[in-house]
Amino acid sequence: MSRIESTLGALRTQGRKALIPYVTAGFPFADITPALMHGMVDAGADIIELGVPFSDPMADGPVIQRAGERALRLGVGMLQVLGQVREFRQRNRSTPVVLMGYANPIERYEQIHGQGAQGAGAFVRDAAAAGVDGVLVVDYPPEECQSLAAALRAHGMDLIFLLAPTSTDARMAQLARVASGYLYYVALKGVTGSGALDTRAVEQMLPRIRRHVQIPVGVGFGIRDAASAQAIGKVADAVVIGSRIIELIEDQEHSRVVPIAQDFLRGIRKALDA
């Protein structure tokens, strides 16, 4: 059982919902990420999604795009992201960490550090050694990921996929054969941080998803406050929040980044547990 599976299983037994914050690695300061990860765990995060900076993030809106561009200017790439996870693991061996990003950084890492189809070589080896628990690659379709999924599972890691409001039943069944850990349901037809969240539409979609998928379902894109998190938490297994955290810390001084993220997440945690 992976660290993600055991964490979500324990929460299910307790009747609680998982809080999964997303932050871009190396943002807003190159050295802040491990401290920010620890701070979020202290504030109630159950799993951390760590964004790998990339220059062309097709699924992300302007907020996360800016964060990625800033991290890239600060010299943060896949190698540095894995180093940040290793640093986090020096003090925390239990909280799952998911790398969320795109194919290009993985493919480039393979070119530089080793060979293997779709990251099944050096990337998987080094991610496992660093303490990564899951990988979500936005632009790897499930029909192209069997070898990567097998390599990750062999190293105790999960391959996580996005599911959209437009996904067909056939697509859900296909994802169910490959995905592990949890499934990330994108609540909006658009990029991260865009549009208004329709909680009723999410409520109607999740039973349909669960007819095909047995693993937990997390919901993200558009959750910005305690009220929307609480509403989604009533029907989903996990709540994912990213753009709002990035907005809150974007222009802060170094010393204020962690406290501001913690204050926000404590409110979300309280709402989910209410």
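The values are calculated or read from the model by the stated rules, or taken from the named source; none is laboratory data. If you're wondering where the values come from, they're calculated on a predicted model, not measured in any experiment. Note that each Cβ is placed from the backbone with ideal geometry, even for glycine, and that neighbours are counted across all protein chains shown. When the accessible area is computed, the model is the full protein with side chains, heavy atoms only, and any ligands, DNA or RNA have been set aside. Shrake-Rupley method; radii C 1.70, N 1.55, O 1.52, S 1.80 Å.
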Prolate/oblate/rounded call for region 21-128, Cα gyration tensor, a/c under 1.5 rounded: oblate
Amide H contacts under 5 Å for Val217, placed H, 5+ residues apart: Leu183, Asp237, Ala238
Area accessible to solvent at Ser147, 1.4 Å probe radius, in Å²: 60
Relative contact order of the chain, pairs being alpha-carbon contacts under 8 Å that are 6 or more residues apart, as %: 23
For region 5-72: accessible area per residue (Å², 1.4 Å): 33
Which label in [x] 21.5; [y] 18.4; [z] 19.3 gives the computed Kirkwood radius over Cα pairs in Å: [y]
Translational diffusion coefficient (Stokes-Einstein; Kirkwood radius from C-alpha pairs) of region 130-224 at 20 °C, 1.002 mPa s, in µm²/s: 154
Within the accessible area of the chain (1.4 Å probe), percent carbon and sulfur: 49
FRET efficiency for Arg16 and His113, using Cβ-Cβ distance with R0 set to 35 Å, rounded to 0.05: 0.35
